[in-house]
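Report on one structure; see the data block that follows.
The values are calculated or read from the model by the stated rules, or taken from the named source; none is laboratory data. Quantities reported herein were computed from a predicted structural model and do not represent experimental measurements. Neighbour counts run over all protein chains shown; Cβ positions are idealised from the backbone, glycine included. Heavy atoms of the whole protein, side chains included, go into the accessibility calculation; ligands, DNA and RNA do not. Shrake-Rupley method; radii C 1.70, N 1.55, O 1.52, S 1.80 Å.
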Amino acid sequence: MLRCAALIAAGILAATAAGAAEDSGPELWVNPGMLSHHFKDDRDYREENYGLGVELFLTPRHGLLAGSFLNSNDERTRYVGYHWRPLQLAAGRLRFSGGLAFALMDGYSDVRDGNTFAVVLPALSLEYRAVGAHLIFLPHREHSSALALQLRLRLWAW
């Protein structure tokens, strides 16, 4: 067990060190919302959550997020946040990263009557040249947690 933990720790350190050498300048990304899959089927959730999102990654590890989409309750959600991706793996132009998105969002009538609330969302990202994707876990205590796929397009890299 200790050997396994040591190997995992060594792998994380190596990935972080490799990612540090690959840090680049700011990148501007856009996304058209997300596709979601809910784990409970007792409600009729909308799973095509179209909208418009903008991401400004100052480095591969630190990004600012803002956007709007039609949520799973078929209501308009707006969000603003910070995406922290400490885990970085790169192979040529292919980059894999993992971390957490911290955001303020609104528009869910079943959460704080549609008012603003804070979320922490685990996320994995994959990028190749100017295209990318986020796989995001959306936890929900009372209703259905979901897994979302968000496709992205890089508009600009400095």
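General observations
- 3J(HN,Hα) from dihedral phi, segment 134-149, Karplus parametrisation 6.51/-1.76/1.60, rounded to Hz, x for glycine, proline: 10, 10, 10, 8, 10, x, 8, 5, 9, 10, 10, 6, 9, 10, 10, 10
- Cβ-defined net charge surrounding GLY67, 13 Å radius [Lys, Arg +1; Asp, Glu -1]: +1
- Fraction of accessible area attributable to carbon and sulfur, segment 21-152 (%, probe 1.4 Å): 63
- Rounded accessible area per residue of segment 51-145, 1.4 Å, Å²: 51
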